[in-house]
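A short write-up of the structure that comes next.
The values are calculated or read from the model by the stated rules, or taken from the named source; none is laboratory data. Not measured: the values here are computed from a predicted model. Virtual Cβ from ideal backbone geometry, glycine too; neighbours counted across all protein chains shown.
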């Protein structure tokens with residue numbers, strides 16, 4: 001089991017969701033549906049609270065993965081910063097979203113930094129990847145602020161409510177990460 005919750009400072013933390021978070025999570029997704037749906041493929045498939053419950057039950061039951069990790073400021077759900085392992089334990093991928101009211105505070109960058117540290121320190125992966133829509137400049141800026149290397153474009157790999165879009169791919173290797181060890 002990975003070390004969470006993780007304090008990010010200023011009353012912010014990453015912690016795994018529990019089943020008790022269903023209503024808060026559902027309200028956050030509903031309130032941001034149009035904005036998040038542009039970039040997040042899971043929004044379109046989360047149409048009812050039962051859809052949200054099924055996802056939440058799955059990620060809560062996963063004792064290893066960190067797809068079900070919320071980004072909290074005090075008692076408020078600010079967004080999510082999740083991480084999943086690739087096959088063979090070579091790489092991990094980080095994904096994130098933020099509610100508009102919490103945007104621009106550096107929370108996602110802090111959360112992605114904490115997940116990257118965890119990937120190298122606890123999961124023992126060699127590589128961490130972040131993919132962001134080519135035109136999602138704020139999301140791309142997170143990877144760039146963290147010093148991830150831009151590797152190119154994965155054509156048509158992203159999907160939002162408007163259809164498929166290209167993703168910018170960023171990665172950092174364990175020996176490049178300044179916080180390793």
Check: Does at least one position in region 47-70 carry a residue that is assigned to a strand (DSSP E or B) and closer than 17 Å to residue 103 by Cα?
Finding: yes
Margin query: Tell me yes or no: at least one residue of region 48-68 is more than 22 Å from residue 116 (Cα to Cα), at pLDDT below 90, crowded, with 18+ Cβ neighbours inside 10 Å and under 18 Å from the mean Cα position of the chain (by Cα).
Written below: no
Notebook entry, point to check: Checking residue 141 against (1) buried (at least 16 other Cβ atoms within 10 Å of the Cβ); (2) part of a helix (DSSP H, G or I); (3) within 15 Å of the chain's Cα centre (by Cα), which single condition isn't satisfied?
Noted result: (1)
Margin query: So residue 122 passes all but one of these: (1) surrounded by fewer than 21 Cβ atoms within 10 Å (Cβ to Cβ); (2) touching a residue at least 40 places away in the same chain (Cβ under 8 Å); (3) touching a helix residue (DSSP H, G or I) at 6+ places or on another chain (Cβ under 6 Å); (4) assigned to a helix (DSSP H, G or I). Which condition number does it fail?
Written below: (3)
Next item on the list: Within region 144-156, track down each residue that is within 26 Å of residue 5 (Cβ to Cβ) and either touching a helix residue (DSSP H, G or I) at 6+ places or on another chain (Cβ under 7 Å) or part of a strand (DSSP E or B) (or both).
Entry: 145, 146
Margin query: Can you pull out every residue in region 82-107 that is buried (at least 19 other Cβ atoms within 10 Å of the Cβ), in contact with a helix residue (DSSP H, G or I) (Cβ under 8 Å, 6 or more places away or on another chain) and over 18 Å from residue 167 (Cα atoms)?
Written below: 98, 99
Margin query: Please go through region 10-28 and give me each residue that is touching a helix residue (DSSP H, G or I) at 6+ places or on another chain (Cβ under 7 Å), outside any loop (DSSP other than H, G, I, E, B) and loosely packed, with under 12 Cβ neighbours inside 10 Å, ordered by number.
Written below: 19
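Under the condition of being within 19 Å of residue 57 (Cβ to Cβ) and crowded, with 18+ Cβ neighbours inside 10 Å, which residue from region 29-44 is modelled with the highest pLDDT?
Among residues in region 29-44 that are within 19 Å of residue 57 (Cβ to Cβ) and crowded, with 18+ Cβ neighbours inside 10 Å, the one modelled with the highest pLDDT is 29.
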Next item on the list: Could you give me the residue pairs with C-beta distances under 6 Å whose first residue belongs to region 24-43 and is touching a residue at least 40 places away in the same chain (Cβ under 8 Å), whose second residue is outside any helix (DSSP H, G or I) and surrounded by fewer than 17 Cβ atoms within 10 Å (Cβ to Cβ) wherever it lies, and which are 6+ apart or on separate chains?
Entry: 37/161; 41/159
